[in-house]
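The values are calculated or read from the model by the stated rules, or taken from the named source; none is laboratory data. Model, not experiment: these values are computed from the prediction. Ligands, DNA and RNA are stripped out before the accessible areas are found, and what is left, the full protein with its side chains, is counted by its heavy atoms. Shrake-Rupley method; radii C 1.70, N 1.55, O 1.52, S 1.80 Å.
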Amino acid sequence: MALGRHGLAEAVDHTDYVVIGGVALAMGLRASTALRMHVPGMPTLLSQTALAQLVNDLLNRPLTADGRAPRHRLLARSRWAATVLGIFVGGVLGTWLLVPLGPGRALIVIGAAVLTFAAACHVALLRREDMGART
C-alpha cells in the first residue's frame, strides 16, 4: 500500500492512515495465526508478553539440580528472547532505512531481505529433511 501511495518518493507522509490500517491488519493476522498454531512460548502480544514471560521465568523458575533448566523451558526462553530482540532490531533497521530511503524504497529493501531469509530457511529445512532421509 505504501508503494502504491508513495511510489519511490523519499518523503514520509505522516497522515497515511491507509498504511497504518494495513499494518494493523497484518499484525492482527499474525496474532491470529500464532494462536491457531499453538506454538508454546510464542506470545501474540509480542514484546510486552515475551519480555514479561522471560523475566518471570528467569526470576521464578529455579534451575534443576544439575544447574540447567529443562529443555522445554530453555526453548521457550530462547523464543521469548528472540521475539524481543527481533522486534528491537527490526525497529532500528526499519527506522534506519526509512529516514534516508523513504517508505517505498525501505519496503522494497525490507521485503527483499525477508524473502531472502525465508528462502534460506526453506532450503535449510529441505536439506535437513534430505539428510534425515539418507540416514
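At a glance:
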| item | result |
| --- | --- |
| Rounded, prolate or oblate (a/c below 1.5 giving rounded, otherwise prolate when a/b exceeds b/c) for the range 78-135 by Cα gyration tensor | oblate |
| Accessible area of T116 in the full protein assembly, 1.4 Å probe (Å², nearest 10) | 90 |
